[in-house]
Amino acid sequence: MANERTFSIIKPDATRRNLTGKINAVFEGAGLRIVAQKRIWMSREMAKTFYAVHAERPFYNDLVDFMCSGPVVVQVLEGENAVAKNRELMGATNPANAAEGTIRKLFAESIEANSVHGSDSPENAAIEIAYFFAGCEIVG
Ligand code: GDP
């Protein structure tokens, strides 16, 4: 398995409930290292750009509103097979379908306010990491 990096967001529903540490304990407990991290408040423009792939979906405007409704924590996770491992730890998009013990099963409020984002491929991870972090901000 390759050592990999993936991009993660702790979403506004989770920062509002003070769950940053609990969520990151799941990542660290599974062997992923947080090699870059910052707390930001996304502008509407940033949220629209980040989720542009969903622009045609009926929930796009609500999703953009939600992502800039409060602070988020953007971070880079590193470890063996990090992209797939992060997705496994996150659980299904809809918490009603998420497996026991996953972050979304434990913490998500709804299919939209589902606590975390994680890149779905190494290619998208590279794009998303570069959108939020300069190389000198990532310290492995
Ligand atoms: P993910 O990769 O598991 O985050 O899922 P997607 O890439 O399909 O969707 C991106 C984000 O859009 C999700 O994490 C949710 O916050 C939101 N979302 C996805 N599907 C729905 C939906 O049917 N309704 C609403 N309101 N939000 C959704």
**Request:** Working carefully through the options Ser43, Ser121, Ser69, Ser110, find the one that is in contact (Cβ under 8 Å) with a residue 12 or more places away in the chain, of a type in the set (S, T, N, Q) and out of contact with any helix residue (DSSP H, G or I) (no Cβ under 9 Å at 6 or more places or on another chain).
**Result:** Ser43
**Request:** For Phe59, work out the one condition from (1) within 13 Å of the ligand (Cβ to nearest atom); (2) open to solvent by less than 10 Å² (accessible area, probe 1.4 Å); (3) more than 25 Å from Gly140 (Cβ to Cβ) it doesn't fulfil.
**Result:** (2)
**Fill in**
Expected single match for away from the ligand (no atom under 12 Å from the Cβ) and closer than 19 Å to Asn114 by Cβ among Gly29, Gly70 is Gly70
**Message:** Checking Gly140 against (1) closer than 22 Å to Thr15 by Cβ; (2) at pLDDT below 95: exactly one of these is not met. Which one?
**Reply:** (1)
**Asked** From Val64, Val76, which residue is over 28 Å from Cys136 (Cα atoms) and open to solvent by less than 10 Å² (accessible area, probe 1.4 Å)?
**Response** Val64
**Request:** Restricting attention to the stretch 109-133, report how many residues are surrounded by 15 or more Cβ atoms within 10 Å (Cβ to Cβ), β-branched (Val, Ile, Thr) and in a helix (DSSP H, G or I).
**Result:** 1
**Request:** Would you check if Thr6 is within 16 Å of the ligand (Cβ to nearest atom), part of a strand (DSSP E or B) and within 14 Å of the chain's Cα centre (by Cα)?
**Result:** yes
**Prompt:** So which residues in the stretch 89-103 are surrounded by 16 or more Cβ atoms within 10 Å (Cβ to Cβ) and either within 8 Å of the ligand (Cβ to nearest atom) or in contact (Cβ under 8 Å) with a residue 60 or more places away in the chain (or both)?
**Reply:** Leu89, Met90, Ala92, Ile103
**Request:** Please state which of the following conditions Leu106 fails to meet, knowing it meets all the rest: (1) within 23 Å of Arg39 (Cβ to Cβ); (2) within 11 Å of the ligand (Cβ to nearest atom); (3) surrounded by fewer than 19 Cβ atoms within 10 Å (Cβ to Cβ).
**Result:** (2)
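The values are calculated or read from the model by the stated rules, or taken from the named source; none is laboratory data. Please read all numbers here as calculations on a predicted model, not as lab measurements. Every residue, glycine as well, gets a Cβ built from its backbone with ideal geometry; the counts of neighbours run over all protein chains shown. The protein model used for the area step is the full one, side chains on, heavy atoms only, and it has no ligands, DNA or RNA in it. Shrake-Rupley method; radii C 1.70, N 1.55, O 1.52, S 1.80 Å.
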